[in-house]
Each structure stands twice: as structure tokens, then as C-alpha cells.
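Have a look at the structure below before the remarks.
The values are calculated or read from the model by the stated rules, or taken from the named source; none is laboratory data. The structure displayed is predicted, hence computed values, not measured ones. Using ideal geometry, Cβ is built from the backbone for each residue, glycine included, and neighbour counts are taken over all protein chains shown.
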Amino acid sequence: MIPITRLSVGEREALAAADAVRSGWLTSGKRVQQFESMVATYVGAKHAIAVNSCTTAIHLALIAAGVKPGDEVICPSFSFIATANAVLYAGATPVFVDIDPLTYNMSPECIEAALTPRTTAILPVSQIGLAADIPAIMAIARKHGLKVIEDAAPSLGAAIGDDRIGSLSDFTCFSFDARKILTTGEGGMITTADDNAAKRLYAMRAHSASVSTIDRHTTSNVVLENYPEVGYNYKMTDVQGAIGIVQTERINEILAERRRLAERYQSLLGSEDRLGLPQEPKGYRHVFQSYCVRLHTRKTQVQIMSEIADQGIATRRIIAIHLEPVYRRLYADLSLPETERATRETLLLPLFVGMTDNEQDQVVNAVKKALY
């Protein structure tokens, strides 16, 4: 079976994790701090705050941005369900808007019509490796006094011009789970330029303790912490941080290989008129966390996925959150035409570091066969 992804980890990551275990310090510590520093430097952010998932990153970022129970947060429905779930965790209401049919990211043109007096933030998703139109979204946010919390779970390394995402929004949230650009098994990161928000985020991830775990346990002095507000247990471990350090050292080779594989798909599938291939707007850099194609065929998405699976190849789709049962009850009358069309017509093909040309050829042949 050719999976949708395969981990790109090896002896270096294993040794780094083992060193963390042997050190006797497993919770969030110096390795996490080094990982944070490396990610901040890479994306061009002032601060990076490591947590245990991108979902918890979004949750904390929403709170740090001032989102309160009863507020509204504008976000796309074409995303993993965690995008909207994190809004609910903050006690706010997701307000779904439609997407651009070429990029699959939130359409800035839809935002202002969705604003109400309860809107406090915009939550764009930089989807499947391509940055959303963050400059346009930030301009709308500044016009209306809103904060932008970017869900960039799959898009570490993506850029607009010379600027990498992670340095463009008020808060940017990344994921390090098994399918993302870098992995620590599970894990997430928030980047921001806001000093006060960063200080609060560092505390909130550890129950809002006034003194960090590492500071309490590495001093010979008596330290009595206090807890000024409700916080959460969202810390990343040093074992994960150790793996993240090695992965970050490899990020250029990882991204180069993803680009190579995507370009090879473009070449092999470019003449197939029953497929729409990924778009990369001028000035944008796509990192191809996934390779998303649009189906132009009378066969249904499920038929094609099943026929490809019969040939030993995994594929995936992106959901429309507002159509999922848990949200459909709340948004029964909502219609998002481009989102609904994309969730019916798009397909994610296998793409991962370590994928062989032979495996990619098998995928291409299986897709072409299933289309007819």
C-alpha cells in the first residue's frame, strides 16, 4: 500500500530523542526552548511558543488575541475540523465564509459581508502548503480593529514574496503531527511579534504559572509560583523538542524534495484534462504538504477514491466543516458554494519525503485509470 504520507525520520531523530530521555529531563525544558528559537528564526518571528498541538495553539492564540465567550470569529469551512473546534473552545462562534476556488483558501472578498458587532477576530487557514492572502486579510482586520490568528498547520515554510508565514499575522499557528512539514509526533507552535501576548502564552500553556517549570526546578532558591488566571496543560515535552530540533535542521532539504515531487506530478498529470492541478499564485511559494487535484469527471469522488484504493494507494479529502453532523445542526441553512464544490471534487494524492519515482508513477497510473 502506498500511504498518503510516510514519516521522514531516522537515526538522527532517534538519537536526539534518546539523549533527551537519558538526560533525565522529559517535560518542557531547554530542548523545547531551542526548538522555539529555531522556528522563530526560520519564519522571522520575534517569539515562538511551543505547545502540544496546533489545535491548542489556536485555542491559546484566540484567548491571547482577546476573543471572549459570545464573540464571533470568521473562518473558512474548508479545513480540518480543529479550526472551528478551537473557536468553540474559546467560547466564541465560528462564522464560516467561502473560499477562492483556485487556492482553496479563504476569500478576502467574503469577509466584510460576514462582519457583525460581535466579530473580534479573523481565522484564515493557509491550506495544504499555500499561504492565504494574508496581506489582504490583515488590511481588512486593521480597518475594523480585528486580530488575525492564522491556522498554518500544514504550511510551515510557505511564503509570500520574501516573507515566510509566521511573520505576517498577529498570531500564526503551526502543527507538527505526522502529516505535516516537520513532525514531532504531535505538537504545535504559535508565532507572534506581540511581547505581552507572548509572555501570557508562555504562561497559559502551563496553567498560567507565574514561574516556568524549568525555572522552578533548576534553581537552588525557594520559588513560590502563583496563578493569576485560568491556564491549560498544553506543554510540549523535551523529547518532542529534541526531535523538532533535528527536523528543523533538515527543513530546506524537506521542502526541496516536496517541491521536486510536486513538479514531477505537474509534469506527469499536466496533460490530463480530467484533472485540475494545484495553483501557485505569482509571488507565493507553495510547500505542498499535500498535492490537491480537482476532479473533472462524471464519476464521484468516492468512486475514484475507491478505485484508486483498489490499486493499493491511499487518498484523502478535505471536509466542509459546516456539513459535518456536529456543525450541521448549528448551520442548517448555510450555503458556501465554492467550499461545497471543493469538498466534493478535490482529492489529496500521496506526497512525502522518501517517495520513490516508482511509487509516484504507480499513483499517477492509478489516478489516470480511475478517471475513465
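Summary of computed values
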| quantity | calculated |
| --- | --- |
| Among the candidates Ile304, Ile243, Ile318, residue that is crowded, with 16+ Cβ neighbours inside 10 Å and in a loop (DSSP other than H, G, I, E, B) | Ile318 |
| Scan of region 80-136 for residues that are among the small types (Gly, Ala, Ser) and not in a loop (DSSP other than H, G, I, E, B), ordered by number | Ala82, Ala84, Ala86, Ala113, Ala114, Ala121, Gly129, Ala136 |
| Filter result for the condition that a residue is of a type in the set (Gly, Ala, Ser) and modelled with pLDDT under 95, over Ser169, Ser212, Ser155 | Ser212 |
| Candidate set from region 17-39 (those that are buried (at least 20 other Cβ atoms within 10 Å of the Cβ) and modelled with pLDDT of 95 or more); member that is nearest to Asp162 (Cα to Cα) | Val39 |
| Verdict on Thr300 being at pLDDT 95 or above, within 18 Å of Gly276 (Cα to Cα), in contact with a strand residue (DSSP E or B) (Cβ under 7 Å, 6 or more places away or on another chain) and of a type in the set (Ser, Thr, Tyr) | no |
| One residue from Arg285, Arg329, Arg341 being buried (at least 18 other Cβ atoms within 10 Å of the Cβ) and of a type in the set (D, E, K, R) | Arg285 |
| Which listed residue, of Leu255, Leu201, Leu224, Leu261, is over 21 Å from the mean Cα position of the chain (by Cα) and either in a loop (DSSP other than H, G, I, E, B) or in contact (Cβ under 8 Å) with a residue 60 or more places away in the chain (or both) | Leu224 |
| The one condition in (1) of a type in the set (Lys, Arg); (2) within 20 Å of Asp71 (Cβ to Cβ); (3) in contact with a Phe, Trp or Tyr (Cβ under 9 Å, 6 or more places away or on another chain) that Arg179 fails to fulfil | (2) |
| Candidate set: region 130-188, residues that are under 9 Å from the mean Cα position of the chain (by Cα) and free of Cβ contacts under 8 Å to residues at least 60 places away in the same chain; chosen: the one nearest to Arg118 (Cα to Cα) | Glu150 |
| Subset of region 87-109 that is under 17 Å from the mean Cα position of the chain (by Cα) and in contact (Cβ under 8 Å) with a residue 40 or more places away in the chain - its residue that is surrounded by the fewest Cβ atoms within 10 Å (Cβ to Cβ) | Thr103 |
| Test set (1) on the phi > 0 side of the Ramachandran plot; (2) assigned by TED's automatic domain parsing to the domain that holds Pro350 - Tyr284 fails condition number | (1) |
| Test: residue in region 335-351 that is more than 26 Å from Ser155 (Cβ to Cβ), in a helix (DSSP H, G or I), in the same structural domain as Glu257 (by TED's automatic domain parsing) and modelled with pLDDT of 95 or more | no |
| Number of the condition not met by Thr213 [criteria: (1) hydroxyl-bearing (Ser, Thr, Tyr); (2) surrounded by 17 or more Cβ atoms within 10 Å (Cβ to Cβ); (3) over 22 Å from Pro350 (Cα atoms)] | (2) |
| Given (1) surrounded by 14 or more Cβ atoms within 10 Å (Cβ to Cβ); (2) in a loop (DSSP other than H, G, I, E, B); (3) at pLDDT 95 or above, number of the condition Glu13 does not satisfy | (2) |
| Matching entry among Ile58, Ile74, Ile49 (being of a type in the set (Val, Ile, Thr), over 22 Å from Met236 (Cα atoms) and either in a loop (DSSP other than H, G, I, E, B) or outside the structural domain of Gly354 (by TED's automatic domain parsing) (or both)) | Ile74 |
